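The values are calculated or read from the model by the stated rules, or taken from the named source; none is laboratory data. Small disclaimer: the values here were computed from a predicted structure and weren't measured. We place every Cβ from the backbone using ideal geometry, glycine too, and count neighbours over all the protein chains shown. Ligands, DNA and RNA are excluded from the accessible area calculation, which covers all protein heavy atoms including side chains. Shrake-Rupley method; radii C 1.70, N 1.55, O 1.52, S 1.80 Å.
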Amino acid sequence: MSRATGEAEHDLVLVVDFGAQYAQLIARRVREARVYSEIVPHTMPIAEMLERRPAAIILSGGPSSVYAEGVPAIDTEVFSAGVPVFGICYGFQLMAQGLGGAVSPTGAREYGRTPVKVDRAGTLLADLPADHTVWMSHGDSVIAGPPGFDVLASTRVTPVAAFEETGRRLAGVQWHPEVLHTEHGQQVLEHFLHQIAGCRPTWTMVNIVDEQVARISEQIADGRAICALSGGVDSAVAAAIVQRAIGDRLTCVYVDHGMMRSGETEQVRRDFEAVFDKLDVVEAADQFLGALEGIHDPEEKRKIIGREFIRTFEAAEARVFGDAAAGDTAYLVQGTLYPDVVESGGGAGASNIKSHHNVGGLPDDLRFELVEPLRTLFKDEVRMVGEQLGLPPTMVWRQPFPGPGLGIRIIGEVTRARLDILRAADLIAREELTSAGLDRDIWQFPVVLLADVRSVGVQGDERTYGHPVVLRPVTSEDAMTADWARLPFDLLERISTRITNEVAEINRVTLDLTSKPPGTIEWE
Ligand code: XMP
């Protein structure tokens, strides 16, 4: 993928992925330092990396030992190409080893919060407190820096925890500057990027919007485009950028499938009507719920929802493009994000992107050319772009919500009555979370109705057979991994009491304590 936002505009930092999930986080932190970054696999030949003309290369964390069997390596040519290189954790050890320093299994491991001592600030650690806490995750230690390098920091067990050679613009740290538990991590990264590597901090939201608008005006020229809005932030921001480029030659389609949360369809409609010039709202609740009648199997439900979505969308498409002269290119706007691109192998095209994360997934034979304005962006950048475009906060800060909606939060057949029960419980959870001021602290808060389960309870003097609900509040940075949110007990108690008091059909409230992996965020 080329630098989609204009070859000469931004310096490019390549983050070499050694397969330990840190690469995405590093790439995001580099962007927070206003430098454009992309992730490449460690198997990419150095020559190919250099062809991209990177302003710097960062070697990410990875397996804990450079001496273990079959661990990934990197050609030492990367250090002599004249490109600034920053090594992090495993990357730091590869650097030490590749440049003539020494790495040794000291036997003492460091995991988690570790005090580090700055022995000499140099450029990399300038202005940092002499003693501070960083996040470590390694077994081996660097015991001697490469010749010509200044050793900057140490820990109780690691004599060389940071080094630099500013002449050759090479530096590294044993710790993880990208994780939030590391104090001053961002500062260290910025010292490398701005001071040592000389990268220009041009990656700003204003620039992103301007460049994407220019690029899309060129791509679509005087053609017409269509966008399926899911109600979520990604498709809304993608459409808003495209509308800025081509005005009312963009038509947005919003399919109301009848499985949104309480008040949500109304909110989404209000927001969309305020923002989009041409909006086609399709009321399709009867159609979707009719098709779901009698269906219990989760996969089957998803398939049906996907199929009905495509039908509805194709009908809308025919209305929009029906009169277009044959041979005209029709453009389809999609809110594909950078993590989707990375996770699907970084290849071109959206075809290999996890289809279940699009609403239903669109069929391959649509005659569209794709327009993907967010293909280079992370989720938090999308939100900042949304703010930059002046979109309503309810749209920009909406928590992620699955395309199939409450349909995959009812375990069992989806019926109107069950949707009403779940909506009532879900609304209580949302209201209480909001009044506790914790909306932005969690990633998502699904409430799941175990509709096919009956649970014994007692209310007044009577035994009841109601349904349980499961509260599934999670924290996450990108939905790929997640942890169960440690919500305050008194908040959970309020939610539980209100749900059992106010929703007659529910007599039991449970909390899901599973991280992802192994559990997914949604129950189906
Ligand atoms: P899981 O459940 O796989 O979810 O941990 C990860 C993220 O994806 C959302 N999700 C979906 N989004 N269509 C969507 O548009 C779907 O079928 C779907 N399933 C899960 C989920 O809400 C979470 O944010």
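Summary of computed values
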| read-out | value |
| --- | --- |
| By average C-beta atoms within 10 angstrom, highest first, the peptides 88-98, 285-295, 471-481, 28-38 | 88-98, 28-38, 471-481, 285-295 |
| For the chain, calculated [θ]222 nm from helices alone, where every DSSP H run of n ≥ 4 adds -39500 (n - 2.57) | -9000 deg cm²/dmol |
| Difference of contour (0.36 nm per residue) and Cα-Cα distance, residue 434 to residue 69 | 126.4 nm |
| Other-chain or far-sequence residues with amide H under 5 Å of residue 182's (modelled H) | 135 |
| The range 3-196, accessible surface, carbon-and-sulfur percent (1.4 angstrom probe) | 48 percent |
| Amide proton proximity set for residue 143, modelled H, under 5 Å, gap of 5+ | 102, 103, 104 |
| Tail fraction, Cα-Cα pairs, the range 206-300, threshold 20 Å, whole percent | 46 percent |
| Cβ-defined net charge surrounding residue 276, 12 Å radius [Lys, Arg +1; Asp, Glu -1] | -1 |
| Set of the range 247-262 residues, backbone N closer than 19 Å to the point 7 Å along the Cα-Cβ line of residue 319 | 248-259 |
| Antiparallel bridge percentage (DSSP; both residues within the chain; nearest 5) | 45 percent |
| The chain - charge dipole about Cα centre, Lys and Arg +1 at Cβ, Asp and Glu -1, debye rounded to 20 | 680 debye |
| Residues residue 214 and residue 293, FRET efficiency given R0 of 35 Å [Cβ-Cβ distance, rounded to 0.05] | 0.10 |
| Loop sites in the range 427-516: trypsin sites (Lys or Arg not before Pro), DSSP, at most 14 other Cβ within 10 Å | 454, 486 |
| Cβ-Cβ FRET estimate between residue 109 and residue 477, R0 fixed at 25 Å, reported to 0.05 | 0.45 |
| Inter-part distance where the range 247-294 and the range 118-151 are each reduced to a Cα centre, Å | 54 Å |
| Hull-based mean projected area of the chain, where the convex hull spans the alpha carbons, in square nanometres | 26.9 nm² |
| Rounded tilt (10° steps) of 298-321 against the dominant C-alpha axis of the chain | 80 degrees |
| Among beta bridges that DSSP assigns inside the range 369-515, antiparallel share in %, nearest 5 | 65 percent |
| Solvent-accessible area per residue for the chain (1.4 angstrom probe, square angstrom) | 42 Å² |
| For the chain: lysine pairs under 27 Å (alpha-carbon distance), excluding those fewer than 8 apart on one chain | 9 |
